[in-house]
Amino acid sequence: MHLEIENIHHPQIKNMNLSVYDVGYRAAHLHPEIELILVLKGDPAFNINGNTTSFSEKDIILINANKLHEIISEKAPSTLLSLHILPQYFEGYFPQMSHISFLENTLLSKNERLFTYSFCKLLKIYLLQAPYYQLECAGLINIMVHDILQSCAYYEMYGDKLALTTKRNSQLSEIIGYIEEHSAERVTLSDLAKHMQLSASYLSHFIQKNLHRSFSEFLTYTRYLNAKALLMKGELSLIDICYGCGFSDYRYMNNAFKKYTGQTPNEFKKNMNSDSLPHNKKGTVKSYTPQEMLDTVTRFMENNHFNEHQI
């Protein structure tokens, strides 16, 4: 399972995308879009930059651009409605959006029901694509972002602060990409330092500060995620997975699984649910078709009495 820079497609409206998906586990990843998530079902936990928060149905989650985050639904898969939006979406009339960083990940709107209704309605308009639907989407997005700016603490970055943040994000992306690419090899902090033309001491401090793990811990975590993905596919033996993912000894893979799952690899394999979600490089995730998205959000609105007469 990759720690990745996620490439979000914007097939309908430039610089934004909406999706609904079930998730049992989503490996640590980041993307340049701001992400807004509504929990339609389940109790997902989000590990955002090393801090884990649990959420419930109808909660709204806000994730800044380029923030490393991981999703875990331990009891059962969660169903999430997600809006990915690039700051460039607002460029022509609210360019300062590119400089804003929110201090909270839980959105407590001043009018929670109206916000949730607007989010669901946004998805329905986006999917149905009636004439001029792009304008309706823009109107709802602007209302929602206005609410977020009024409800959430944030700060604006300019000048040196913006330059430092941009540099940090670039270095973080390169570090994650390099470790993922070479995790099956005997890679060291010195190798990474040489690749990035930076000192090992600087990188050690940078990784600990931004990934909340040491280099060796992060490398082991990456190998564990890759091993877990291969184990779930069921195509290779545990020994082949161990050495194929870069563990020099089975004991190290065993210790990693115990640390992150509380089970040995063999126990994890035996306890895997045969009815679990489809697994791929990104985790256990099932994306919805447009019709499934429409049916799911309509059912959510009906069950929670979200309509314009009851808001």
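The values are calculated or read from the model by the stated rules, or taken from the named source; none is laboratory data. A quick note: this is a predicted structure, and the numbers were derived from the prediction, not measured. We place every Cβ from the backbone using ideal geometry, glycine too, and count neighbours over all the protein chains shown.
Annotations for the structure displayed:
- Residues of the stretch 235-247 satisfying the condition of being small (G, A, S), in contact with a helix residue (DSSP H, G or I) (Cβ under 9 Å, 6 or more places away or on another chain) and surrounded by fewer than 20 Cβ atoms within 10 Å (Cβ to Cβ): G244
- The number of residues in the stretch 291-311 being touching a helix residue (DSSP H, G or I) at 6+ places or on another chain (Cβ under 8 Å) and modelled with pLDDT of 95 or more comes to 6.
Every residue, every condition in (1) under 21 Å from the mean Cα position of the chain (by Cα); (2) in contact (Cβ under 8 Å) with a residue 24 or more places away in the chain; (3) outside the structural domain of E35 (by TED's automatic domain parsing); (4) outside any helix (DSSP H, G or I), yes or no:
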site: L83; (1), (2), (3), (4): yes, yes, no, yes
site: T116; (1), (2), (3), (4): yes, yes, no, no
site: G139; (1), (2), (3), (4): no, no, no, no
site: S173; (1), (2), (3), (4): yes, yes, yes, no
site: I179; (1), (2), (3), (4): yes, yes, yes, no
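- Which numbered condition L219 misses (of (1) over 21 Å from the mean Cα position of the chain (by Cα); (2) part of a helix (DSSP H, G or I); (3) of a type in the set (A, V, I, L, M, F, W, C)): (1)
- Checking each residue in the stretch 63-81 for being assigned to a loop (DSSP other than H, G, I, E, B), surrounded by 15 or more Cβ atoms within 10 Å (Cβ to Cβ) and either in contact with a Lys or Arg (Cβ under 7 Å, 6 or more places away or on another chain) or among the charged types (D, E, K, R) (or both) picks out only K67.
- Contact map, the stretch 235-263: first residue touching a residue at least 12 places away in the same chain (Cβ under 8 Å), second residue in a helix (DSSP H, G or I) and among the small types (G, A, S), Cβ cut-off under 8 Å, separation 6 or more or different chains; pairs are I241/A227; C242/A227; C245/A227; F247/A227; F247/A256; M253/A227; A256/A227; F257/A227.
- Given (1) within 17 Å of the chain's Cα centre (by Cα); (2) farther than 20 Å from N15 by Cβ, number of the condition A76 does not satisfy: (1)
- Among residues that are out of contact with any helix residue (DSSP H, G or I) (no Cβ under 8 Å at 6 or more places or on another chain), modelled with pLDDT of 95 or more, more than 13 Å from L38 (Cβ to Cβ) and part of a helix (DSSP H, G or I), A163 is not included.
- Residue in the stretch 218-234 that is loosely packed, with under 15 Cβ neighbours inside 10 Å, touching an Asp or Glu at 6+ places or on another chain (Cβ under 9 Å) and over 30 Å from M293 (Cβ atoms) present: no
- Among the residues making up the stretch 181-198, those that are in contact with a helix residue (DSSP H, G or I) (Cβ under 6 Å, 6 or more places away or on another chain) and small (G, A, S) are S183, S190, A193.
- In the stretch 85-108, the qualifying residues are those that are small (G, A, S) and without any contact (Cβ under 8 Å) to a residue 12 or more places away in the chain, and the one that is surrounded by the most Cβ atoms within 10 Å (Cβ to Cβ) is S98.
- Selection from the stretch 8-52 of residues that are within 14 Å of E74 (Cβ to Cβ) and β-branched (V, I, T): V23, T52
- Subset of the stretch 29-56 [assigned to a loop (DSSP other than H, G, I, E, B), touching a Pro at 6+ places or on another chain (Cβ under 8 Å) and surrounded by fewer than 16 Cβ atoms within 10 Å (Cβ to Cβ)]: none
Residue-by-condition table, conditions (1) in contact with a strand residue (DSSP E or B) (Cβ under 6 Å, 6 or more places away or on another chain); (2) not acidic (D, E):
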position: I13; (1), (2): no, yes
position: L38; (1), (2): yes, yes
position: D43; (1), (2): no, no
position: N49; (1), (2): no, yes
position: H69; (1), (2): yes, yes
position: K75; (1), (2): no, yes
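- Evaluation of D59 against the conditions (1) out of contact with any Ser or Thr (no Cβ under 8 Å at 6 or more places or on another chain); (2) surrounded by 16 or more Cβ atoms within 10 Å (Cβ to Cβ) shows that the sole unmet condition is (1).
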